[in-house]
Structures are given as structure tokens and as C-alpha cells.
Amino acid sequence: MKVAVKSLTFALLRDLADGRFHSGQQLAEQHAVSRTTVNNALKELAILGLTLFSVRGRGYQLVKPVVWLDVAAVRASLAGAASALNLEVLDSATSSNSLLLQRATQGAPSGTVLAVEWQTAGRGRLGRTWYAALGDSLTFSVLWRFDCGLAGLAGLSLAVGVALIRALRQLGFTEVGLKWPNDVLTEHGKLAGILIEAQGDMMGPSAVVIGIGMNVCLPEKMSTEVTQAVGSLAQISDNLLDRNHILSKILLELAGVLNDFARHGFEPLRAEWERYHRWQNQAVNLLMPDGKTETGIILGVTQNGALRLATEQGERVFHSGEVSVRLVK
Ligand code: BTN
């Protein structure tokens, strides 16, 4: 768990986001606090991985300005679809998934979207931690309510992967692909992950929180705890990347895919998913929760999103739950 950061620090950061110098005195007056309070709040920028120039007589300037998520900008590019989605941007939360799960139990409507600039306890699949850099990533969750029960949601996480690839390809990132069950990859490594958490019973209705983390840029110093290869959009683009635009494209595609999934399930998306699958027909090792390994060639996925593997004993099917997939080198 990372250390929480004061709301004043975020307020000061928003002042500094223009990349200009701001004097300590001016910042203190603006927020009706002392200069010492400003100094102390700005010391917390190190926790957020940000560096500040401090020049006597001129004040403070961010080495790399932050472009914040902006609800109005996202809504503007969402156009008609905006009415089905209700976006809120928070400076900080433990995890957008955890918070949205809480809100779901309190009756938040389908289409609620929570984007969080700084997660202090971002969560990944299989109990892992999700690391993300402030201003350089997208970390958000979408609540979707389905009439069907949990049993009808098999394949949903793969469907979400299809929505991400559609959005990224439309944005010009034509080389991105998927790895079962739902990692988004570039040639450099993992670009985005999806964490789906559901409430409800087997027969329905159900509420699903879809959490997405995506690396837009990579910080110079990635957390030493990140052991797998990571990729970012900046590595595969020469253009300036606008997180608001990327988020709105993703939300648009996601809303479309979720509506289709609610009516027809994963099956109509299966062939498209297999086209995006980077490890299709590749030899892999599947690591089981009991420590055993299964080796085979990936044939594709079933209509429920389970992995079809050709093994020496014939075709076998694996569900995403606890299985990790590694390419055979
Ligand atoms: C994975 O392990 O691949 C899934 C990563 C999911 C991370 C996102 S970031 C937004 C949302 N909130 C979380 O705590 N996790 C998900």
C-alpha cells in the first residue's frame, strides 16, 4: 500500500500543471495556508514520483507538467454515448475497483465510471499489486449491471479485451494484441490489464465492476517490484497522447461491447478475439495453482472464453481463474 497524499498536495499540483513557475507565497495565499504548509505539501510530490524545480525568487515549477483527466473533455468526445455513462474523476483512492464495488452495493447505477489519478492500493489479477504512475496512466473502473446471473458472464473479461483493442486500433495503435485471458500487449510487453469483480448470484441479476489499468507513458524508474515486461502507448507512438481522448474512445467501445454482450454473450466476439490473440497457435506452459504445469499449443478459446489447449493427451480446456500462461522458449 502506498502512502496517502494530502488533498492540498493535489490542489497545488493542479495549480502547477500549467508548467509555469508559481511562487510559494502566491500558492499559500490562494489556498489560505502558510508557506510552511505549502512546502510540506509539496514535499509529498516525491511520493507521487514527481520532481519539482525550486528556484529562489521565482518559486516552483514541475519538471514534467501533468495533464489531468477532465470530465468535460471526456464527455465532449463521448457525444451521444455520454448519456449512458456517468464519469467521475478522483484525485486519489485506494483502488477504483474497491470504491466502485462499495458504490455498487449502495445502488450506484449501471454505467457509473470512476477514474482515479492516484491509487494507493491498485489491485491486479491473482492478488497482485497494480503499479501506475500519476498522469502517465489510466486507472479506471466501470460498473455494469446485467439481468443475467454470474453464470451468464463467462467470457466477459475477454469481451472487454476486444473493446480495448478496437479502441486502441482506432486511435492508430494497430499492433496491439491480446494474451489470454485479457492482457493487452505491445511488442514491448504488457500495456494494460483488466480486473473484473462481480456481485450477485448464479441466476441473476448481477453487478460487475470492470477495472482497467493502462500505461500511457512509463515513468523513467518503474517500480522494482514489476518483474514482467511492460509496454506503453508512448513507446509505440510519435504523437502527443491525450489521456482524455484515449479514455473516451475506450469508454465508447466498452459501452458498445457490454451492450452486445448483455444480449448475445461472448460467442459473436470469439473470432475477433482470436484474431487479436498474439499467442494463437503458440506453444505454452500453463502454471496451475497446485504448482503443476501443463504444456500444449493454444488452439483458441471456447464460447465461454476458456482456453483450448492441444496437449499430448488431446484437447483440454482451462478456465482463467488461477491459471498463468507462459510462452515456451
Ligand atoms: C491485471 O492484473 O492485469 C489487472 C490489472 C487491473 C488494474 C486496474 S487499475 C483500475 C482498477 N482498480 C484496481 O485496483 N485495479 C484495476
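The values are calculated or read from the model by the stated rules, or taken from the named source; none is laboratory data. Bear in mind that the values here come from a model prediction, so they are computed numbers and not experimental data. Note that we place each Cβ from the backbone using ideal geometry, even for glycine, and neighbour counts take in every protein chain shown. The accessibility values were calculated without ligands, DNA or RNA, using every heavy atom of the protein model including side chains. Shrake-Rupley method; radii C 1.70, N 1.55, O 1.52, S 1.80 Å.
The C-beta contact set for segment 14-34 (first residue assigned by TED's automatic domain parsing to the domain that holds Leu45, second residue surrounded by 14 or more Cβ atoms within 10 Å (Cβ to Cβ) and part of a loop (DSSP other than H, G, I, E, B), distance under 7 angstrom, 6+ apart or interchain) comprises Arg14/Trp68; Ala17/Pro65; Ala17/Val66; Ala17/Trp68; Asp18/Pro65; Gly19/Pro65. Could we say that Thr105 is more than 24 Å from Glu322 (Cβ to Cβ), in contact with a helix residue (DSSP H, G or I) (Cβ under 8 Å, 6 or more places away or on another chain) and not small (Gly, Ala, Ser) here? Here the answer is no, as Thr105 does not meet what is asked.
Of the residues examined, Pro181 is one that is within 12 Å of the ligand (Cβ to nearest atom), over 26 Å from Leu241 (Cβ atoms) and not β-branched (Val, Ile, Thr).
Filtering segment 141-181 to residues that are in a loop (DSSP other than H, G, I, E, B) and farther than 26 Å from Asn239 by Cα leaves Asp147, Cys148, Gly149, Ala154, Gly155, Trp180, Pro181. The residue of segment 195-222 that is nearest to the ligand (Cβ to nearest atom), among those that are surrounded by fewer than 16 Cβ atoms within 10 Å (Cβ to Cβ) and under 13 Å from Leu153 (Cβ atoms), is Gln199. If you check Ser320 against the conditions, is it under 26 Å from Gly189 (Cβ atoms), in contact with a His (Cβ under 9 Å, 6 or more places away or on another chain) and part of a loop (DSSP other than H, G, I, E, B)? Judged against the criteria, Ser320 is not a match. Of the numbered criteria (1) of a type in the set (A, V, I, L, M); (2) over 26 Å from Ile250 (Cα atoms); (3) modelled with pLDDT of 90 or more, the one Ala72 fails is (2). Taking segment 34-131 and the helices (runs of 4 or more DSSP H) fully enclosed by it, the elements with 1 or more residues that are more than 16 Å from the ligand (Cβ to nearest atom) and open to solvent by less than 60 Å² (accessible area, probe 1.4 Å) are at 35-43, 71-78. The set of residues from segment 17-33 being open to solvent by 70 Å² or more (accessible area, probe 1.4 Å) and not in a loop (DSSP other than H, G, I, E, B) comprises Gln25, Gln26, Glu29, Gln30. In this structure, does Ala192 turn out to be assigned by TED's automatic domain parsing to the domain that holds Thr94, in contact with a helix residue (DSSP H, G or I) (Cβ under 9 Å, 6 or more places away or on another chain), away from the ligand (no atom under 11 Å from the Cβ) and not hydroxyl-bearing (Ser, Thr, Tyr)? Criteria not met by Ala192.
Selection of first residues in segment 35-49 that are on the phi > 0 side of the Ramachandran plot and of second residues that are assigned to a helix (DSSP H, G or I) and crowded, with 19+ Cβ neighbours inside 10 Å, restricted to Cβ pairs under 8 Å at least 6 apart or on distinct chains, gives an empty result.
The rows are residues; the columns are (1) aliphatic (A, V, I, L, M); (2) in contact with a Pro (Cβ under 6 Å, 6 or more places away or on another chain); (3) at pLDDT 95 or above.
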{"site": "Thr94", "(1), (2), (3)": "no, no, yes"}
{"site": "Ser98", "(1), (2), (3)": "no, no, yes"}
{"site": "Arg103", "(1), (2), (3)": "no, no, yes"}
{"site": "Ser110", "(1), (2), (3)": "no, no, yes"}
{"site": "Val116", "(1), (2), (3)": "yes, no, yes"}
{"site": "Thr120", "(1), (2), (3)": "no, no, no"}
{"site": "Arg128", "(1), (2), (3)": "no, no, no"}
{"site": "Trp144", "(1), (2), (3)": "no, no, yes"}
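When you go through Val66, Val74 one by one, which is the residue that is under 23 Å from Leu241 (Cβ atoms) and within 17 Å of the chain's Cα centre (by Cα)?
Just one listed residue meets the conditions, Val74.
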